[in-house]
Amino acid sequence: MKLSDPSSDIHHTRSAKGKIRSSVKWFLVMWIVLIALGVTGTYYYSNHLQQQMINQLQVHTQHQIDALKNDYEKQLTTISSEVAALQGQVQSFNELLTFTKDNASNKTDNSNKLYTQLSEVKKQLEALQKKMDLLK
């Protein structure tokens with residue numbers, strides 16, 4: 001026969017329920033803390049990836065801008081040299097035309113040919129000048 005005190009059973013049951021409730025509370029608190037840490041870590045990691053991507057895009061864009069600038073400068077240099085060459089030709093044609101006008105007689109019409117060549121060179125010079133203006 002077992003003698004048991006009913007008051008000791010109630011006390012034992014209440015303390016077991018208290019321990020269970022306490023451990024459940026700690027378990028829930030730990031899960032909430034872990035979830036909050038996961039959300040915070042995800043937020044900071046996504047910001048880090050975003051910043052990294054922005055930096056890569058800036059570097060890539062700067063490289064493209066530099067390449068376009070170099071190409072533009074090359075084209076501008078080429079067109080400038082062509083314009084200078086054409087201006088030299090125009091000058092020599094002008095000198096030749098002046099000489100021909102001074103020495104022309106009524107029998108020959110060489111000055112007309114020189115005027116035609118000069119107008120063609122001027123047209124080419126104007127076309128190159130327009131290209132140069134577009135590049136500027």
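Some notes on this structure:
- Additional length obtainable on full extension of the chain from Asn55 to Val39, 0.36 nm per residue less Cα span: 3.3 nm
- FRET efficiency for Leu76 and Glu126, using Cβ-Cβ distance with R0 set to 25 Å, rounded to 0.05: 0.90
Each value in this text was obtained by applying a stated rule to the coordinates, not by laboratory testing. Keep in mind that this is a model prediction, so the values were computed, not measured. Ideal geometry is used to build each Cβ from the backbone, glycine not excepted, and the neighbour counts take in all protein chains shown.
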